[in-house]
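The values are calculated or read from the model by the stated rules, or taken from the named source; none is laboratory data. Remember, predicted model here, so these are calculated numbers, not experimental data. Neighbour counts are summed over all protein chains in view; Cβ atoms, including those assigned to glycine, are modelled from backbone coordinates with ideal geometry. To get the accessible areas, we keep the full protein, side chains included, count just its heavy atoms, and leave off ligands, DNA and RNA. Shrake-Rupley method; radii C 1.70, N 1.55, O 1.52, S 1.80 Å.
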Amino acid sequence: MALGTTALAMMAPGARAQTVPRNARMLVGFAAGGPTDLVARLYAERLRPNYAPATLVENRPGATGRLALEAVRTAEPDGATMLMSPASVMTLQPHIFPREARHDALTDFVPVCTLCEFAFAIAVPASHPAQSFAELTTWLRAQTGPDVAFGSPGAGSGGHFVGDMVGRALGVTMNHVPYRGAAPAVTDAVAGNIPIVVTVLSDVMPHHGRGLRILAISGRERVSRLPDVPTIAESGFRDLIVTDWMGLFLPARTPNAIALSLYNTVAAAAATPEVRSALDRLEFLPIITRPDDFAARIGRERENWARIVRESGFRPET
């Protein structure tokens, strides 16, 4: 549900934000210690005192993030309960789990803002003959044996579809090997058991030059810590740009003033050197999207993922 642009215009710079008068909860649908949890804690610490006296991060892992989502969807719309979610739960999962993922990001929630943005990476073992993405495309097109395999964190993951999109763009058949998470996929790639792995950049960055070689990223621009690694788009596939995000949501019917207070507090936090430095270490960009633009982005991305899933031939769970 998009927030009114009139209300946004009335929130003048420097205006005193409305504060939730009791401690707030930020629910995360994934285990403590993972990237989603780390970003949640980074921002939760900085919602005091302008938004709430304190904000506690509550991890509710399970059902690929949907347990936390359901808890927030049915919470009181008073601003004291919020959801921190990766994009896939809101934009991709409805096409992967059509029976289980019955939520609607735009009607069951108030999209407040994105917290950060990140890209996917295509990486190969250090022993792989390809030294660049251009050499990888040549290598892929030269394969005459069985389908070339690539690993991802799981069937229906963002890495799965980015790998599929690359294969189709090159006109080659790539056999997807789903793993139970990024860690085992990356471990197998480092060991040379699979020739290509496609996952979130932060999953493979610690191994770059230490068992893996990152050849390309799916973002709009190169990242500062990998100045020599091109984007897929600049490598000749200009329409192949895929970025993901983590975002903040409130239950539907939450008053606009509360949502705007939360947005302004997050935007101020994202501008600090401490938050920018912490996100940089995770290979995330501090992209804070305004509420109305965030809602529009969700709508566009849901449609885009529907097309990508359909073109991939993936069979959703029914």
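Summary of values
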| read-out | value |
| --- | --- |
| Some residue of region 289-297 being among the β-branched types (Val, Ile, Thr), under 17 Å from the mean Cα position of the chain (by Cα) and buried (at least 20 other Cβ atoms within 10 Å of the Cβ) | yes |
| Residues that are in contact (Cβ under 8 Å) with a residue 24 or more places away in the chain and either over 16 Å from residue 37 (Cβ atoms) or within 17 Å of the chain's Cα centre (by Cα) (or both), drawn from region 269-279 | 269, 270, 272, 278, 279 |
| Which numbered condition residue 142 misses (of (1) open to solvent by 10 Å² or more (accessible area, probe 1.4 Å); (2) among the aliphatic types (A, V, I, L, M); (3) within 27 Å of residue 312 (Cβ to Cβ); (4) in contact with a helix residue (DSSP H, G or I) (Cβ under 6 Å, 6 or more places away or on another chain)) | (4) |
| Of all residues making up region 150-192, the number that are surrounded by fewer than 20 Cβ atoms within 10 Å (Cβ to Cβ), under 16 Å from residue 314 (Cα atoms) and hydrophobic (A, V, I, L, M, F, W, C) | 2 |
| Unmet requirement for residue 133, which otherwise passes all of (1) out of contact with any His (no Cβ under 9 Å at 6 or more places or on another chain); (2) buried (at least 17 other Cβ atoms within 10 Å of the Cβ); (3) under 26 Å from residue 281 (Cα atoms); (4) at pLDDT below 95 | (4) |
| Counted residues, region 273-310 - those being touching a Pro at 6+ places or on another chain (Cβ under 9 Å), closer than 18 Å to residue 259 by Cα and among the aliphatic types (A, V, I, L, M) | 2 |
| Number of the exception - residue 105 against (1) part of a loop (DSSP other than H, G, I, E, B); (2) under 26 Å from residue 222 (Cα atoms); (3) within 16 Å of the chain's Cα centre (by Cα) | (2) |
| Residues (over 15 Å from residue 301 (Cα atoms), touching a residue at least 12 places away in the same chain (Cβ under 8 Å) and surrounded by fewer than 22 Cβ atoms within 10 Å (Cβ to Cβ)) located in region 82-107 | 97, 98, 99, 100, 101, 103, 107 |
| Residue count, region 21-44 (criterion: assigned to a helix (DSSP H, G or I) and either closer than 19 Å to residue 108 by Cα or open to solvent by 20 Å² or more (accessible area, probe 1.4 Å) (or both)) | 4 |
| Of the criteria (1) more than 13 Å from the chain's Cα centre (by Cα); (2) surrounded by fewer than 24 Cβ atoms within 10 Å (Cβ to Cβ); (3) closer than 26 Å to residue 201 by Cα, which one residue 123 fails | (2) |
| Count - residues of region 45-81 that are in contact (Cβ under 8 Å) with a residue 40 or more places away in the chain and either within 14 Å of residue 269 (Cα to Cα) or open to solvent by 30 Å² or more (accessible area, probe 1.4 Å) (or both) | 9 |
| Tabulated pairs, region 163-187, first without any contact (Cβ under 8 Å) to a residue 40 or more places away in the chain and more than 16 Å from residue 124 (Cα to Cα), second open to solvent by 50 Å² or more (accessible area, probe 1.4 Å) and outside any loop (DSSP other than H, G, I, E, B), C-beta under 7 angstrom, 6+ apart or interchain | 170/141; 172/141 |
| Which numbered condition residue 111 misses (of (1) without any contact (Cβ under 8 Å) to a residue 24 or more places away in the chain; (2) closer than 30 Å to residue 256 by Cβ) | (1) |
| Residues (closer than 21 Å to residue 156 by Cβ and not aliphatic (A, V, I, L, M)) located in region 80-94 | 85, 86, 88, 91, 93, 94 |
| Check on residue 71, part of a loop (DSSP other than H, G, I, E, B), over 19 Å from the mean Cα position of the chain (by Cα) and small (Gly, Ala, Ser) | no |
| Some residue of region 256-264 being under 15 Å from the mean Cα position of the chain (by Cα) and either modelled with pLDDT under 95 or acidic (Asp, Glu) (or both) | no |
| Among residues of region 256-272, those that are closer than 24 Å to residue 89 by Cβ and open to solvent by 40 Å² or more (accessible area, probe 1.4 Å), counted | 1 |
